[in-house]
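Asker: Have a look at this one before I ask anything.
The values are calculated or read from the model by the stated rules, or taken from the named source; none is laboratory data. Remember, it's a predicted structure, so these values are computed and weren't measured experimentally. Note that we place each Cβ from the backbone using ideal geometry, even for glycine, and neighbour counts take in every protein chain shown. Accessible surface is based on the protein model in full, side chains and every heavy atom, while ligands, DNA and RNA are left aside. Shrake-Rupley method; radii C 1.70, N 1.55, O 1.52, S 1.80 Å.
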Amino acid sequence: MSQLRAVAARGLRRSGGRAAPQQQPARQSRKGASLRGGAPAPLPAPPPAQHLFSDPAEIEALRGNLLAWYDRCKRDLPWRTLAATELDADRRAYAVWVSEIMLQQTQVATVIDYYNRWMQKWPTLQALAQASLEVSSAGTGCSPCPCGSSSNSLLHLLEQEVNELWAGLGYYSRGKRLQEAARKVVSELAGRMPRTAEDLQKLLPGVGRYTAGAIASISYGQATGVVDGNVIRVLCRLRCIGADSSSPLVVDRLWDMANALVDRSRPGDFNQALMELGATVCVPKAPLCGECPVKQHCRARCRKLFGKPTLVPDVEDCGKRVGGCPLCPPATEPWDSSLGVTNFPRKAAKKQPRVVKTATCVLERRGCHGTPEYLIVQRPDSGLLAGLWEFPSLLLPQGLQEEKQQEALADHLQAWMGWPVAAGDLQLIGEVVHIFSHIHQTYVVYSLPLDGDVTLDPTSSPSRWVTEEEFHASAVSTAMKKVL
């Protein structure tokens, strides 16, 4: 807040219809003929051999080289230590599960501290299942407090410790789904985690194919592959797969390849090794090809060195097949020799993030001991930043002028608090920009100092007064922490 005020002082103000039902495809006979009549439907062509791992000797060599490298070079990470030392199968699976959920779209370095605090607080499924019943002490403020809202003593009970601990990791619904699934394991499965990837995906909400495969292979030794962003990059380079790596056809082929490659005696270590390779060596830009333990199996590297593969059929010949090769780069995106192995993988162009502007008001009062207190409200239980706390905010229409923004925010506050708010009383502090994965969010920040008590509408969103220290200890987003 002080930083924003300083900026303002220097004059740097910146300023229905129903969907058509999908047609069901005609049922196919074994020979591909349509049972509704007409010409036989063509069967999809199998991918060319040069894009696959078809030599058992090569697969064995790749497994051995990758696992030997992993044993020498793997990073020391807390979830790996737990997976290797925990004897109880359910606790082991839970430890892996938490790490995999946290690591989704989040860097390892960021996750480590969150993971350690999480496992210290909730070391078992049973402990996490009970977390929703625990009360956070953050935000209780002064009690009793003659200047406080009469509902404060009850509203702070709505703070969930899961959200508090997760705050800052992003993708906040992950923590909520993890807790929901833990409660299901305790209440419906007698506290016993499902033992196969198929059952994990089928029985646990929020557990998809990748997470199920990771838990089953690492915790239970099931010989099943995994496909995440790192694995996609490694496999696409190993076999020159240049089609859109997010397309269903390519994703299916990559899963087939991962399941064929996984080491039967050390599936968990193999999967972690493949992901480790993509995270530390076969990185998106400037990969360390000279340090790669499987470089002799990499057809993208072979093409970089020799212009085209020499010991395997020419990948460029794939395009001469009738209908083209479904795994080669499209003809409009030929091999770029300046990129080398980073020609692969290829993805569809990213959509530009949606531009959103929100007016945010920091309501401030003096607490019991003269300490500044700020009003925060809880967001809805679904959608962006679900269940987190924030300063009262209003989504603004595109192109709204500054004066109109101020008036709209004043009307919003007045309707919410039940007493008149003059637009002129709102002091513009500045702007805070925060980039979500799909949203470019600008918060236009105003402040409104208050004198005396404020009675809030009990039917409005849950709200409470907090000190600055309590604010930062609460379940607030990183974007909101930039405001104060």
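Asker: Kindly indicate the residue of segment 202-240 that is among the aliphatic types (A, V, I, L, M) and assigned to a loop (DSSP other than H, G, I, E, B) and also nearest to L327 (Cα to Cα) among those meeting that condition.
Answerer: The first filter runs over segment 202-240 and keeps only residues among the aliphatic types (A, V, I, L, M), leaving 203-204, 207, 212, 214-216, 218, 223, 226-227, 231-232, 234-235, 238.
With the extra rule that they be assigned to a loop (DSSP other than H, G, I, E, B), the set shrinks to 204, 207, 223, 226-227.
Working: L204: 33, V207: 28, A223: 26, V226: 20, V227: 17 Å.
The residue in question is V227.
Asker: Would you please name the residue that is modelled with the lowest pLDDT, looking only at residues in segment 416-453 that are among the polar types (S, T, N, Q) and over 17 Å from E390 (Cβ atoms)?
Answerer: Of all residues in segment 416-453, those among the polar types (S, T, N, Q) come to 427, 437, 441-442, 447.
From what is left, the residues that are over 17 Å from E390 (Cβ atoms) are 427, 437.
Numbers: Q427: 91, S437: 77.
Within segment 416-453, the match that is modelled with the lowest pLDDT is S437.
Asker: Still on this structure, I have one more. Quick check: anything in segment 78-88 in the same structural domain as H297 (by the TED database), touching a Pro at 6+ places or on another chain (Cβ under 6 Å), modelled with pLDDT of 95 or more and aromatic (F, W, Y)? Break it down into steps so the answer makes sense when it comes.
Answerer: Step one: list which residues in segment 78-88 are in the same structural domain as H297 (by the TED database), which gives 78-88.
Okay, now just the ones that are also touching a Pro at 6+ places or on another chain (Cβ under 6 Å), so none.
No, that holds for no residue.
Asker: Taking into account only those residues within segment 83-103 that are over 21 Å from L189 (Cβ atoms) and open to solvent by 20 Å² or more (accessible area, probe 1.4 Å), which is nearest to the chain's Cα centre (by Cα)?
Answerer: Taking segment 83-103 and keeping what is over 21 Å from L189 (Cβ atoms), we get 84-85, 102-103.
Remaining after also requiring open to solvent by 20 Å² or more (accessible area, probe 1.4 Å): 84-85, 103.
Numbers: A84: 26, T85: 28, L103: 8 Å.
Only one residue tops the list, namely L103.
Asker: Also, quick follow-up: Going by what's in this entry, would C328 be described as under 21 Å from L254 (Cα atoms), more than 32 Å from the chain's Cα centre (by Cα) and at pLDDT 65 or above?
Answerer: So C328 does not fit the description; no.
Asker: Tell me which of these G278 doesn't satisfy, since it passes every other one: (1) in contact with a Gly (Cβ under 6 Å, 6 or more places away or on another chain); (2) modelled with pLDDT of 95 or more; (3) within 30 Å of L384 (Cβ to Cβ).
Answerer: Of everything listed in (1) in contact with a Gly (Cβ under 6 Å, 6 or more places away or on another chain); (2) modelled with pLDDT of 95 or more; (3) within 30 Å of L384 (Cβ to Cβ), G278 misses just condition (1).
Asker: Any idea which of L288, L261, L249, L235 is buried (at least 18 other Cβ atoms within 10 Å of the Cβ) and farther than 22 Å from R195 by Cα?
Answerer: Working: L288 fails: buried (at least 18 other Cβ atoms within 10 Å of the Cβ); L261 fails: farther than 22 Å from R195 by Cα; L249 fails: buried (at least 18 other Cβ atoms within 10 Å of the Cβ).
It is L235.
Asker: Going through segment 410-437 one residue at a time, which ones are exposed (fewer than 12 other Cβ atoms within 10 Å of the Cβ) and under 25 Å from D451 (Cβ atoms)?
Answerer: A415, W419, P420, A422, G424
Asker: While we're here: Restricted to segment 212-230, and to residues that are within 10 Å of W255 (Cα to Cα) and among the aliphatic types (A, V, I, L, M), which residue is least open to solvent (accessible area, probe 1.4 Å)?
Answerer: Among those residues, the one meeting the criterion is V226.
Asker: Considering only strands (runs of 3 or more DSSP E) fully contained in segment 323-409, which possess at least 2 residues that are open to solvent by less than 40 Å² (accessible area, probe 1.4 Å), among the hydrophobic types (A, V, I, L, M, F, W, C) and within 24 Å of H434 (Cβ to Cβ)?
Answerer: Values: elements: 354-366, 372-378, 393-395.
So the answer is 354-366, 372-378.
Asker: Next question. Collect the residues in segment 180-196 that are open to solvent by 10 Å² or more (accessible area, probe 1.4 Å) and in a helix (DSSP H, G or I), keeping them in residue-number order.
Answerer: E180, R183, K184, V186, S187, E188
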